[in-house]
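The values are calculated or read from the model by the stated rules, or taken from the named source; none is laboratory data. None of these values were measured; they are calculated from a predicted model. Because the Cβ atoms are built from the backbone with ideal geometry, glycine has one as well, and the counts that use them run over all protein chains shown. Please note that ligands, DNA and RNA were not included when accessible areas were found on the heavy atoms of the full protein model with its side chains. Shrake-Rupley method; radii C 1.70, N 1.55, O 1.52, S 1.80 Å.
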Amino acid sequence: MGLFWNSIKREIGRFGQSRILLLSVVVIPVVLTVLYVLMLRQGTVRDLPVVVYDGDRTELSRQLVRMVDATPTAQVVRHVESIGQGRQAIVRGRADALIVIPPGLQADLLGGHGGAQVAAEISGARILNSGLLKRDITTVFQAFNIGIETQLLGAKGIPARTGYAMAYPVAFEKHILFNPYGSYAYYLLPGLLFLVLVITVSVATVYAVGSELKEGTAGEWVAAAGGSITRALTAKLAPYMLLFVLLALFMNTLLYRFLGLPFHGQAAAVLVAGNLFVILAYMAIGVMLVAATANMRLSMSIAGGLATASLSLCGLTFPAVGMYTAIVALSKLFPFTYFIDLFIEQSLRGAPPARSLCDLAAMGLFVLAAALLVPRLGRVAADSKYYGRD
């Protein structure tokens, strides 16, 4: 144990003397975490700018405009004098949608002539904005139509309750499970925060191990551990493991305590295990890269690229069901894919703990793979020809 603790003290000393490690392991991830939390704290997009061309200018058209403005997504910011003027507002980025109310709307509807048509022109430049606006504006138009039909039937002496049933004969109830408010903070924010974590883990691990080769101190490092590369590697990574766990704890505290992210799982220990396993998996990847390349700079570039690509391939931003089969297979080579699957199942869906055991096992395989390359790392550390490489 004396050799192990001496090796840990040596690594703590190296960490304290390295501004790069201090910035990359502590300062940068904490700052990015706070920025992401502040950026997505609201959770949902609200008050997107909408312009209106009201060619009717009646009480009915004004009621429709008020209904659009009352939705959480849309905010009527301007009435335009022509359709062309409204389209220009969209082109110039001053509005995300244009509501076109034709002349004679009220007369046609109340006169029973029908044929009135209200249009919504929605910019598709931002997929998220357009999807939300389309959803809420469509809901408003449907409610408006039902109200008009009920009013017309009431003018014929049909009671309001019966008229509503006739105008809306098939009732539809929508129940959104797990994320009823459509909050992007519930699933996108954890993905971004833990992406910061795995990038930090990957790059810092490569730097911590690879710097011994870069600075030509790998022999001293292994000797301080009694010549055992396993003991040397474990002692080197132990302080970083503690820091990464504290960083993960900080992120989870912000998510579940500060932002109120729901936890529907049956056992929080499974989610905690997922945090530990994803950290270990990306530390393992860092070790494998250094052992395979014996080059710190190359390993850092690959580690950063792989960790960054994890978010795109995990199925969080774009569902795996829409990916090519080869891309889905490729995503299985990233521990982050299994962690996100575990997070969604345990935190949002409330799946049984046993459902996530396969994800934990898959992340554990990366640690076993790294163990196979530890002897190779020992040979590299003992050979001075690998020292000082760019």
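What tally of residues in segment 96-105 results from selecting those that are at pLDDT below 90 and in a loop (DSSP other than H, G, I, E, B)?
Summing the residues that are at pLDDT below 90 and in a loop (DSSP other than H, G, I, E, B) in segment 96-105 gives 3.
Go through (1) on the phi < 0 side of the Ramachandran plot; (2) surrounded by fewer than 17 Cβ atoms within 10 Å (Cβ to Cβ); (3) in a loop (DSSP other than H, G, I, E, B) and name the single condition Gly93 misses.
Every listed condition holds for Gly93 apart from (1).
Quick check on segment 227-243. Is at least one of its residues in contact (Cβ under 8 Å) with a residue 60 or more places away in the chain, charged (D, E, K, R), open to solvent by 40 Å² or more (accessible area, probe 1.4 Å) and farther than 30 Å from Gly43 by Cα?
Yes, because at least one residue in segment 227-243 is in contact (Cβ under 8 Å) with a residue 60 or more places away in the chain, charged (D, E, K, R), open to solvent by 40 Å² or more (accessible area, probe 1.4 Å) and farther than 30 Å from Gly43 by Cα.
Can you name the residue in segment 347-382 that is farther than 20 Å from Gly286 by Cβ and without any contact (Cβ under 8 Å) to a residue 60 or more places away in the chain and is also surrounded by the most Cβ atoms within 10 Å (Cβ to Cβ) among such residues?
By that ranking, first place goes to Arg355.
Among residues belonging to segment 43-58 that are among the hydrophobic types (A, V, I, L, M, F, W, C) and touching a residue at least 60 places away in the same chain (Cβ under 8 Å), point out the one that is farthest from Gln85 (Cα to Cα).
Within segment 43-58, the subset among the hydrophobic types (A, V, I, L, M, F, W, C) is 45, 48, 50-52.
Imposing the further condition that a residue be touching a residue at least 60 places away in the same chain (Cβ under 8 Å) reduces the set to 45, 48, 50.
On the way: Val45: 25, Leu48: 18, Val50: 13 Å.
Once the filter is applied, the top-ranked residue is Val45.
Out of the residues in segment 80-90 that are assigned to a helix (DSSP H, G or I) and in contact with a Phe, Trp or Tyr (Cβ under 6 Å, 6 or more places away or on another chain), which is surrounded by the fewest Cβ atoms within 10 Å (Cβ to Cβ)?
Looking only at segment 80-90, we keep the residues that are assigned to a helix (DSSP H, G or I), and these are 83-90.
In the following step, the residues that additionally are in contact with a Phe, Trp or Tyr (Cβ under 6 Å, 6 or more places away or on another chain) were identified as 83, 86.
Numbers: Ile83: 15, Gly86: 24.
It comes out as Ile83.
Specify the residue that is nearest to Ala224 (Cα to Cα); the eligible residues are those in segment 6-31 that are open to solvent by 60 Å² or more (accessible area, probe 1.4 Å) and touching a residue at least 40 places away in the same chain (Cβ under 8 Å).
First pass over segment 6-31, keeping only residues open to solvent by 60 Å² or more (accessible area, probe 1.4 Å): 6, 9, 12, 16-17, 19-20, 22-23, 27-28, 31.
Now restrict to residues that are touching a residue at least 40 places away in the same chain (Cβ under 8 Å): 6, 12, 20, 28.
Values: Asn6: 7, Ile12: 14, Ile20: 23, Ile28: 31 Å.
Here the answer is Asn6.
Tell me, yes or no, whether segment 53-68 has at least one residue that is within 30 Å of Leu189 (Cβ to Cβ) and touching a strand residue (DSSP E or B) at 6+ places or on another chain (Cβ under 8 Å). First the steps, then the outcome.
From segment 53-68, those within 30 Å of Leu189 (Cβ to Cβ) are 68; that's our starting set.
In the following step, the residues that additionally are touching a strand residue (DSSP E or B) at 6+ places or on another chain (Cβ under 8 Å) were identified as 68.
The answer is yes; a qualifying residue exists.
Of these, Leu342, Leu316, Leu306, which one is touching a residue at least 60 places away in the same chain (Cβ under 8 Å), open to solvent by 40 Å² or more (accessible area, probe 1.4 Å) and not polar (S, T, N, Q)? Walk me through how you get there before you give the answer.
Working: Leu342 fails: open to solvent by 40 Å² or more (accessible area, probe 1.4 Å); Leu316 fails: open to solvent by 40 Å² or more (accessible area, probe 1.4 Å).
That would be Leu306, the only listed residue that is touching a residue at least 60 places away in the same chain (Cβ under 8 Å), open to solvent by 40 Å² or more (accessible area, probe 1.4 Å) and not polar (S, T, N, Q).
From the list Leu35, Leu40, exactly one residue is free of Cβ contacts under 8 Å to residues at least 24 places away in the same chain and closer than 30 Å to Ala303 by Cβ. Which is it? Before you say what the answer is, go through the steps one by one.
Numbers: Leu40 fails: free of Cβ contacts under 8 Å to residues at least 24 places away in the same chain.
That would be Leu35, the only listed residue that is free of Cβ contacts under 8 Å to residues at least 24 places away in the same chain and closer than 30 Å to Ala303 by Cβ.
Please determine, by comparing only the residues of segment 171-206 that are among the aromatic types (Phe, Trp, Tyr) and surrounded by fewer than 22 Cβ atoms within 10 Å (Cβ to Cβ), which one is modelled with the lowest pLDDT.
Of all residues in segment 171-206, those among the aromatic types (Phe, Trp, Tyr) come to 172, 178, 181, 184, 186-187, 194.
With the extra rule that they be surrounded by fewer than 22 Cβ atoms within 10 Å (Cβ to Cβ), the set shrinks to 172, 178, 181, 184, 187.
Values: Phe172: 66, Phe178: 63, Tyr181: 59, Tyr184: 73, Tyr187: 73.
Going through the qualifying residues, I end up with Tyr181.
Name, by its number, the condition in (1) more than 20 Å from Val367 (Cα to Cα); (2) open to solvent by less than 20 Å² (accessible area, probe 1.4 Å); (3) of a type in the set (A, V, I, L, M) that does not hold for Ala284.
Status for Ala284: all satisfied but (1).
Give segment 106-131 a look and list any residue that's assigned to a helix (DSSP H, G or I), over 19 Å from Arg46 (Cβ atoms) and open to solvent by 40 Å² or more (accessible area, probe 1.4 Å), or say none.
Gln106, Ala107, Asp108, Leu110
I'd like to know if segment 231-247 contains one or more residues that are among the aromatic types (Phe, Trp, Tyr), over 17 Å from the mean Cα position of the chain (by Cα), closer than 15 Å to Val196 by Cβ and at pLDDT 90 or above. Explain how you work it out, then say what you get.
First pass over segment 231-247, keeping only residues among the aromatic types (Phe, Trp, Tyr): 240, 244.
From what is left, the residues that are over 17 Å from the mean Cα position of the chain (by Cα) are 240, 244.
Next, from what is left, pick out any that are closer than 15 Å to Val196 by Cβ: 244.
Now narrow it down to the ones that are at pLDDT 90 or above: 244.
Scanning segment 231-247, I find at least one residue that is among the aromatic types (Phe, Trp, Tyr), over 17 Å from the mean Cα position of the chain (by Cα), closer than 15 Å to Val196 by Cβ and at pLDDT 90 or above, so the answer is yes.
Residues to consider are Leu377, Leu360; find the one that is aliphatic (A, V, I, L, M) and either closer than 30 Å to Ala224 by Cα or touching a Lys or Arg at 6+ places or on another chain (Cβ under 7 Å) (or both). Steps first, answer last, please.
On the way: Leu360 fails: either closer than 30 Å to Ala224 by Cα or touching a Lys or Arg at 6+ places or on another chain (Cβ under 7 Å) (or both).
Exactly one of Leu377, Leu360 is aliphatic (A, V, I, L, M) and either closer than 30 Å to Ala224 by Cα or touching a Lys or Arg at 6+ places or on another chain (Cβ under 7 Å) (or both), namely Leu377.
Looking at Val278, Val290, which one is more than 24 Å from Tyr36 (Cα to Cα), part of a helix (DSSP H, G or I) and open to solvent by less than 50 Å² (accessible area, probe 1.4 Å)? Talk me through it step by step, then tell me what you get.
Details: Val278 fails: more than 24 Å from Tyr36 (Cα to Cα).
Among Val278, Val290, only Val290 is more than 24 Å from Tyr36 (Cα to Cα), part of a helix (DSSP H, G or I) and open to solvent by less than 50 Å² (accessible area, probe 1.4 Å).
Of the residues that sit in segment 45-79 and are part of a loop (DSSP other than H, G, I, E, B), of a type in the set (Val, Ile, Thr) and surrounded by fewer than 19 Cβ atoms within 10 Å (Cβ to Cβ), which one is nearest to the chain's Cα centre (by Cα)? Working first, answer last.
Within segment 45-79, the first condition is being part of a loop (DSSP other than H, G, I, E, B), and the residues that meet it are 45-47, 55-58, 71-73.
So of that shortlist, the ones also of a type in the set (Val, Ile, Thr) come out as 45, 58, 71, 73.
Imposing the further condition that a residue be surrounded by fewer than 19 Cβ atoms within 10 Å (Cβ to Cβ) reduces the set to 45, 58.
Numbers: Val45: 15, Thr58: 45 Å.
Out of the qualifying residues, it is Val45.
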